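K.L.:
Before anything else, here's the structure in question.
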Amino acid sequence: MALNTNKSVKLYYSIKEVAQMFGINESTLRYWETEFPNLRPKTVGSNKVRQYTDANVEDIRIIYNLVKVRGFKLSAARKMLSSNRKGVETSSEILDTLLSVRDELQELRKQLDVIV
C-alpha cells in the first residue's frame with residue numbers, strides 16, 4: 001500500500017481526505033483520536049466537523065507507521081510516542097524513504113524485465 005504523501009497548500013483536510021491519504025476508514029481516525037491525546041483536530045460548526053492540519057496529518061502518519069506498518073498495538077504505539085517522539089519520527093521518516101526506494105526499484109526491475 002503506497003502512502004500518498006503529496007504536499008499541498010491546504011490549511012485543513014477533512015476526515016475523508018485524511019482517511020483516503022492513508023487508505024484507512026474514517027472510523028479508524030475517530031478511534032485513534034480517543035487513543036492518542038496529541039491527536040485532536042479542530043472541530044467547527046454545530047455538527048463538529050473535523051479539520052485536520054498538516055501537524056495532525058504528520059501525527060497520523062507516525063501512528064499509521066507504528067500500528068499498520070510495524071504492527072504495534074495501540075497501547076505500545078501510544079507509549080512509544082509519549083516516551084520517544086523524536087526517535088519515532090526519525091524512524092517513520094526512514095521507513096517512508098525505504099518504502100519509496102523499494103517501489104522505485106520494483107518499477108526499474110519491471111522495466112528491465114521488459115527490455116530483456
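The values are calculated or read from the model by the stated rules, or taken from the named source; none is laboratory data. Everything numeric in this text was worked out from a predicted model, so none of it was measured. Quick reminder, even Gly has a Cβ in these numbers, built from the backbone with ideal geometry, and neighbours come from all protein chains shown.
K.L.:
Would you confirm, using the coordinates I've provided, whether residue 94 is under 15 Å from the mean Cα position of the chain (by Cα), under 19 Å from residue 29 (Cβ atoms) and either crowded, with 16+ Cβ neighbours inside 10 Å or at pLDDT below 90 (or both)? Write out each step before concluding.
P.N.:
Details: under 15 Å from the mean Cα position of the chain (by Cα): yes; under 19 Å from residue 29 (Cβ atoms): no; either crowded, with 16+ Cβ neighbours inside 10 Å or at pLDDT below 90 (or both): yes.
Judged against the criteria, residue 94 is not a match.
K.L.:
Let me ask something else about it. Pairs needed: first member in the stretch 100-116, under 23 Å from residue 69 (Cβ atoms); second member anywhere, surrounded by 10 or more Cβ atoms within 10 Å (Cβ to Cβ) and of a type outside the set (Phe, Trp, Tyr); C-beta distance under 8 Å; at least 6 residues apart or different chains.
P.N.:
The qualifying pairs do not exist here.
K.L.:
Within the stretch 29-49, is there a residue that is surrounded by 15 or more Cβ atoms within 10 Å (Cβ to Cβ), at pLDDT 90 or above and β-branched (Val, Ile, Thr)?
P.N.:
no
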